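The values are calculated or read from the model by the stated rules, or taken from the named source; none is laboratory data. Since the structure is predicted, the reported quantities are computational estimates derived from the model, not experimental observations. Here the Cβ positions follow ideal geometry from the backbone for every residue, glycine too, while neighbour counts run over all protein chains shown. Note: areas computed on protein heavy atoms with side chains; ligands, DNA, RNA excluded. Shrake-Rupley method; radii C 1.70, N 1.55, O 1.52, S 1.80 Å.
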Amino acid sequence: MKHSNSFIFLCCLCLPITLWAQTSPSAVQTLERQLGDHSFFSKHLTGFMLYDLDEQRPVFEKNSDLYFAPASTTKLFTFYAALVSLGDSTKRLRYLPKGKDVIVWGTGDPSWKYKPVPDIDMKDFFSDYENIYFSDSNWEDTPYGYGWQWDDYYYSYAAERSPLPIYGNLATVTNQQRSPTVTPPLFANALAITTKAIKDVERDFRSNRFYYNPNTYVIRGRDSKVPFVTSTETFALLASQELEKDVIPSKDPLPERHFILKGIPLDSLYLEMLHESDNFLAEHLLLMVADELFGKLNAEEAIDFVTKNYLSDIEDEPIWLDGSGLSRYNLFTPRSMVSIAEKIYQIVPDTTLFRLLPQGGKTGTLKNAYHAPTPYIFAKTGTISNNHSLVGYIKTKKGKLYAFAFMNNNYPYKARQVIKEMEKVLLYVRDNF
């Protein structure tokens, strides 16, 4: 049963691991040993919290008040921000007809020609207009988030942010022949040869110039994606080719009275973001929250508003910098991660929530871990170099449902070793709590 009462935390300052009444002593002692001083987890920073959602109390804690780099578990904060701010579908764009022409403003909606999510026919919408003016006057952000690593710029998981994305802000590289090709057509002649010993097509850091080495190039047999450098001018050129009409850059301010083009169901974005840990979708969901709240695109202001108005009761103030978790400056405690999991649980029906989240052994980023005849883990992963976390919900054999946060930072080995040991702990929780 879901309740709306606030968390009740009982602090014990003398113990690094806090034990709670009404919990089997033997189960707690075994769990303490599995996470304690002589365990695998003693060799790096580990935080764990297990929270009874029915009784609304923590039943086990270790380092739950310490801050960790959360990586993609940050997306749960973005998910919550969208849940409390947005409706059931996206706003594709804002627009104002002017005779035979139209002016459009972006809302951050990421779905135009982005294959992982549904799309709508933009050609049909613009068919009645001769000229299309695109204004970026409501854009008050940057292509990269604060604290992103600069050398991620040519990896698909670090696509740039923009007011009205197209193609996911990614160029497609066809790798099925000796000489690769780059699409959309705007980039067809932007591919050059280099002597640099690289196996794939890469992009210049500051421009949309792509290059490869025919002597070291590896034919992959499948297409790949490379982020392109976004700008108002680049978008206008790409949109002109896609719509077969002129799209003209503009600085017209967004008037108070204008029209909104409805987009796609938000559930489709949530599912892809959470299952595949899609950074691009997460960043643009946060921009859509800013658009909804302020009529302008500024992720920092959206975070500030949601934190002050919806997260003021979280015991450990989140250090939250972006939508995706790419920022190395994000810091959350296991206690605050459990808090956001409980808040989400209060909003989203169980069946919907467990469908949207990756399920252990079945879907998304958990497809190859936490296998069981009946899924027992429904959670969001977060992984960057030397850091791995898992936050979500666990169903036990006793029929109990717990929220949990299991966070690991600064380990010197492969993530798969950490995941293997985490699975032992969570299996024990499933079978004994």
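Only Cα pairs within less than 10 Å get springs; with that Gaussian network setup on the chain, which residue of 407, 122, 273 has the largest fluctuation?
Greatest mean-square fluctuation among the candidates belongs to 122.
State the extension gain, in nm to one decimal, for the chain segment bounded by residue 218 and residue 231, taking 0.36 nm per residue of separation less the distance between their alpha-carbons.
Value of the extension gain: 1.6 nm.
Hydropathy at least -1.0 by Kyte-Doolittle, axial extent at least 18 angstrom from the Cα trace: which helices of the chain, defined as entire DSSP H runs, fit? It would help to have the intermediate numbers written out before the result.
Details: long enough: 279-294 (23 Å, 1.07); 334-347 (20 Å, 0.11); 415-432 (26 Å, -0.40).
Membrane-span-like by this rule: 279-294, 334-347, 415-432.
Set the Förster distance to 22 Å, then compute FRET efficiency between residue 142 and residue 209 from the Cβ-Cβ distance, nearest 0.05. Working shown, then result.
Numbers: r = 21 Å, r/R0 = 0.97.
Calculated transfer efficiency: 0.55.
Taking the Cα atoms of segment 250-386 alone, what are Rg (to one decimal) and Dmax (as a whole number) in Å?
Just the Cα atoms of segment 250-386 yield Rg and Dmax of 17.0, 57 Å.
Note down the nm distance, to one decimal, between modelled labels 7 Å out along Cα→Cβ at residue 386 and at residue 374.
Modelled inter-label distance: 4.2 nm.
Under a straight-distance cross-link criterion of Cα-Cα below 16 Å, which aspartates and glutamates are reachable from residue 367, leaving out those fewer than 8 residues away in the same chain?
272, 276, 278, 423
Okay, helix-only estimate at 222 nm for the chain: each DSSP H run of n ≥ 4 adds -39500 (n - 2.57), divide by all residues, round to 500 deg cm²/dmol; what do you get?
-8500 deg cm²/dmol
Roughly how compact is segment 101-216, stated as its Cα Rg over 2.2 N^0.38 Å to two decimals?
Against the compact-globule rule of thumb, the ratio is 1.25.
Run the count for segment 194-290, please: Lys pairs, Cα-Cα under 27 angstrom, 8 or more apart or on different chains. Walk me through the numbers on the way to the answer.
Numbers: 196/225; 199/225; 225/245; 245/262; 251/262.
Lysine pair count for segment 194-290: 5.
Would you give the gap between the C-alpha center of segment 193-253 and the C-alpha center of segment 20-63, rounded to a whole Å?
Distance between centres, Cα-based: 49 Å.
Carbon-plus-sulfur fraction of the accessible area of segment 347-433, 1.4 Å probe, in percent?
50
Looking at the chain from every direction and averaging, what is the projected area of its Cα convex hull in nm²?
On the way: hull surface 88.8 nm².
Hull-based average projected area comes out at 22.2 nm².
Report, to the nearest whole %, how much of the accessible area of segment 13-127 belongs to carbon and sulfur atoms, 1.4 Å probe, protein only.
Details: 2400 of 4610 Å².
That fraction is 52 percent.
Where does the charge balance sit around residue 126 when Lys and Arg score +1, Asp and Glu -1, over other residues with C-beta under 13 Å from its C-beta?
Within the 13 Å Cβ shell, the charges total -4.
Let me have the relative contact order for the chain, percent, based on Cα pairs under 8 Å that are six or more residues apart.
That works out to 23 percent.
Taking 0.36 nm per intervening residue step and subtracting the Cα-Cα distance, what contour gain separates residue 262 from residue 174 on full extension? Before the final figure, lay out each step's value.
Numbers: separation 88, 0.36 × 88 = 31.68 nm, distance 3.27 nm.
Roughly 28.4 nm would be gained on extension.
Based on alpha-carbon centroids, what's the gap between segment 335-362 and segment 256-293 in Å, whole number please?
About 19 Å separates the Cα centre of segment 335-362 from the one of segment 256-293.
For residue 200 and residue 329, what does the FRET efficiency come to when R0 = 35 Å and r is the distance between their Cβ atoms, rounded to the nearest 0.05? Walk me through the numbers on the way to the answer.
On the way: r = 29 Å, r/R0 = 0.83.
For R0 = 35 Å, the calculated efficiency reads 0.75.
Rounded to the nearest 0.05, what FRET efficiency is calculated for residue 246 and residue 413 with R0 set to 51 Å and r the Cβ-Cβ distance?
Result of the calculation: an efficiency of 0.40.
Could you report the chain's accessible area per residue, 1.4 Å probe, as an integer in Å²?
44
Along each of its three principal axes, how wide is the spread of alpha-carbon positions in segment 259-323, in whole angstrom units, largest first?
36, 32, 17
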